[in-house]
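Report on the following structure.
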Amino acid sequence: MNVSLDGYVATPDGDLGWASVDDELFRWWSDRVAGTGTTLYGRRLWEAMAGHWPTADRQPGVTPLHAEYARRWRAVPKVVFSTTTAPLDGDARLVAGDAVAEMTRLKEEDGGPLDVGGATLAAAAVRAGLVDEYVLVTHPVLLGGGTPFFPAPGVRADLDLVETRPFPGRVLLTRYATRR
């Protein structure tokens, strides 16, 4: 997830547009999507993604990089966890029940890497001990408040640093594996 230097993924009003993403970082995100088995979304992030990416490659002026991401994004199976979202189209499946039970089941299926998108859903996965890896794309901005990256207080996880990678635009990727 994109995270501000002070630990937030969204501003207090829910804005996600504060991150500075250049082509190199966007390529990294695109490659990551291509290697994902299933993406798990909370409602708010799903609504943001589903409002743009299903047709992004057919919009006027789309760059080849954005068109590629849109195609890759559509190809990945998606599970949306929500009790208020209407039925979904395409390759997205709605789960209104126990998110932790469904995430546990999906993890046990070994259908490839699972990516969790959305701070509330990620917090449930963290509390349940389901997270094998944390990937932070830290942007050099202070938001001063909003939705925290780690909204699961009282949870301790010992981690091993797996990767660091600086990107142009002063962005830093850090990847940590959960020590089991």
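The values are calculated or read from the model by the stated rules, or taken from the named source; none is laboratory data. On a predicted model such as this, the values are computed, not experimentally measured, just so you know. Every residue, glycine among them, receives a Cβ derived from its backbone with ideal geometry; neighbour counts consider all protein chains shown. Protein only, heavy atoms only, side chains kept; ligands, DNA and RNA dropped before computing areas. Shrake-Rupley method; radii C 1.70, N 1.55, O 1.52, S 1.80 Å.
A Cβ distance below 8 Å, combined with a sequence gap of six or more or placement on separate chains, defines the contacts here; from segment 1-26, residues that are open to solvent by less than 30 Å² (accessible area, probe 1.4 Å) reach residues that are among the aromatic types (Phe, Trp, Tyr) and part of a loop (DSSP other than H, G, I, E, B) in the pairs Val3/Phe149; Ser4/Trp18; Gly7/Phe149; Gly7/Phe150; Val9/Phe149; Thr11/Trp18. The set of residues in segment 8-23 that are in a loop (DSSP other than H, G, I, E, B) and within 14 Å of the chain's Cα centre (by Cα) comprises Leu16, Ala19. Residues that are in contact with a Ser or Thr (Cβ under 7 Å, 6 or more places away or on another chain) and more than 26 Å from Ala124 (Cα to Cα) were ranked within segment 66-78; the one that is most open to solvent (accessible area, probe 1.4 Å) is Arg72.
Answer yes or no as to whether Pro87 is within 21 Å of Trp29 (Cα to Cα), without any contact (Cβ under 8 Å) to a residue 12 or more places away in the chain and over 18 Å from the mean Cα position of the chain (by Cα). Against the criterion (within 21 Å of Trp29 (Cα to Cα), without any contact (Cβ under 8 Å) to a residue 12 or more places away in the chain and over 18 Å from the mean Cα position of the chain (by Cα)), Pro87 does not qualify. Of all residues in segment 35-54, exactly one satisfies the criterion of being open to solvent by 60 Å² or more (accessible area, probe 1.4 Å), part of a helix (DSSP H, G or I) and free of Cβ contacts under 8 Å to residues at least 60 places away in the same chain, namely Glu47.
Conditions (1) of a type in the set (A, V, I, L, M, F, W, C); (2) under 27 Å from Leu172 (Cα atoms); (3) open to solvent by less than 70 Å² (accessible area, probe 1.4 Å); (4) in contact with a His (Cβ under 6 Å, 6 or more places away or on another chain), marked per residue:
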position	(1), (2), (3), (4)
Val80	yes, no, yes, no
Asp91	no, no, yes, no
Gly112	no, yes, yes, no
Gly118	no, yes, yes, no
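Restricting the first member to segment 121-134 and to residues that are within 19 Å of Arg43 (Cβ to Cβ) and touching a residue at least 12 places away in the same chain (Cβ under 8 Å), and the second to residues that are part of a loop (DSSP other than H, G, I, E, B) and open to solvent by less than 20 Å² (accessible area, probe 1.4 Å), the beta-carbon pairs closer than 6 Å and six or more apart or on different chains are Ala123/Ala152; Val126/Ala152; Arg127/Ala152.
Considering every residue within segment 96-108, establish whether at least one is open to solvent by 70 Å² or more (accessible area, probe 1.4 Å) and of a type in the set (S, T, N, Q). Looking through segment 96-108, none of the residues is open to solvent by 70 Å² or more (accessible area, probe 1.4 Å) and of a type in the set (S, T, N, Q). Within the bounds of segment 65-72, is there any residue that is farther than 21 Å from Gly111 by Cα and either part of a loop (DSSP other than H, G, I, E, B) or at pLDDT below 90 (or both)? No, that holds for no residue.
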